[in-house]
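Take a look at the structure below.
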Amino acid sequence: MQFIDLRKAELGAGFTIGRALPTRERRMIGAWCFLDHLGPVDLRNHDGMHVQAHPHTCLQTFTWMIEGEILHRDSLGSEQLVKPGQVNLMTAGRGIAHTEDSLPGERLHAAQLWIALPAKYAEVQPAFDHYPQLPQWSRNNIEMTLLAGEFQSVVAPTRVYSPLVEPGGEALHMSLSEGTRCLLIGGEPFPSRISMWWNFVGHTREYIYQAYQDWQSDSDRFPLVPGASIKLPSPPPPASFSAS
Ligand code: MN
């Protein structure tokens, strides 16, 4: 049994999130390589979350909305609101850029995760999928939603590239107080080491350095996000990433 304390991280001015992955104690769980707990934030005295255009590579971003709404726009031209209970899944593949803006409301509460792409899918065409409804059922007074992968005989429609959720099928015992919300993630151990820098994931450091250069030089690898006027600059990777 391993307990990981959430690391507080700043996501834009005054917007603090709790980061569970990656941490010193654990880098990945299956293919999941990033887990942010966003909020809950009282939006009535807050500007909300506004993340300017930024790139991703070799991963999928997975947004599960609990309260509030976030508008996603990306360089494929997708524009999609994600509402409570729904999932937005963006497959970066060889490269994509997006913006995320919460809409005015009372509260904002979500989980944002990244799923690393296995080496043979690292260069897939970028894609965006919205899942307005996911399999839901109720058992022992617990309401369950299957966000991705398979559980017992239920299969989620979510586009994924690795076996996710409980491949071992072992029992998990938990005592929960009323109203508790749990996010269960799992998956087969990821078959290779990945590197991460800023918003880039890659199977080699050189790949990440190239992605950094492509983003900074406005390469057509990362087309513009329609309507976005500001591009977030990437901090330069450490010198060890550029060695070849
Ligand atoms: Mn992003």
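For this structure, a couple of remarks:
- Residues whose amide H comes within less than 5 Å of that of PHE128, counting only those at least five positions distant or on another chain, are THR91 (H built at 1.01 Å from N in the peptide plane).
- Taken one residue at a time, the phi angles of segment 33-41 give Karplus couplings (6.51, -1.76, 1.60, θ = phi - 60°) of 10, 7, 9, 10, 9, 9, x, x, 10 Hz. Gly and Pro are set to x.
- Shape category assigned to segment 57-152 from the gyration tensor of Cα positions, a/c cut at 1.5: oblate
- When only alpha carbons are used to place a centre, segment 204-244 and segment 81-111 end up 22 Å from one another.
- Whole-Hz couplings from phi, Karplus 6.51/-1.76/1.60, listed for segment 174-190; x for Gly and Pro: 9, 9, 10, 7, 4, x, 5, 10, 10, 10, 9, 10, x, x, 5, x, 5
- Averaged per residue, the chain has 55 square angstrom of accessible surface, using a 1.4 angstrom probe with ligands and nucleic acids left out.
- When peptides 183-191, 104-112 are sorted by average Cβ neighbour count within 10 Å, with the highest value leading, the order is 104-112, 183-191.
- Estimated FRET transfer efficiency (GLU106, ARG27; beta-carbon r; R0 35 Å; 0.05): 0.50
- Cα shape, segment 6-114, gyration tensor, a/c 1.5 rule: oblate
- Per residue of the chain, the DSSP helices (runs of n ≥ 4 H) give a summed -39500 (n - 2.57) that works out to -1500 deg cm²/dmol at 222 nm.
- Accessible area of the chain belonging to carbon and sulfur atoms, whole % at 1.4 Å probe: 49 percent
- Residues of type aspartates and glutamates that LYS231 reaches as a straight line, Cα spacing below 15 Å, ignoring anything fewer than 8 places off in the same chain: ASP74, GLU100, ASP101, ASP214, ASP218, ASP220
- Backbone geometry of segment 206-219 corresponds, through the Karplus equation with coefficients 6.51, -1.76 and 1.60 at θ = phi - 60°, to 3J(HN,Hα) couplings of 5, 4, 5, 4, 5, 4, 4, 5, 5, 5, 5, 9, 6, 4 Hz, x marking Gly and Pro.
- Fully extending the segment from ARG7 to ARG94, taken as 0.36 nm per residue of separation minus the present Cα-Cα distance, adds 28.4 nm.
- Packing rank of 82-88, 138-144, 33-39, where each peptide gets the mean count of other beta carbons within 10 Å, highest leading: 33-39, 82-88, 138-144
- 5 angstrom amide H check on VAL87, placed H, neighbours 5+ away: TYR131
- Computed FRET value (nearest 0.05) for ALA171 with THR145, which takes r as the C-beta separation and R₀ as 22 Å: 0.65
The values are calculated or read from the model by the stated rules, or taken from the named source; none is laboratory data. Just so you know, these numbers come straight off a predicted model, no measurement behind them. Note that we place each Cβ from the backbone using ideal geometry, even for glycine, and neighbour counts take in every protein chain shown. Only protein heavy atoms, including side chains, enter the accessible area calculation; ligands, DNA and RNA are left aside. Shrake-Rupley method; radii C 1.70, N 1.55, O 1.52, S 1.80 Å.
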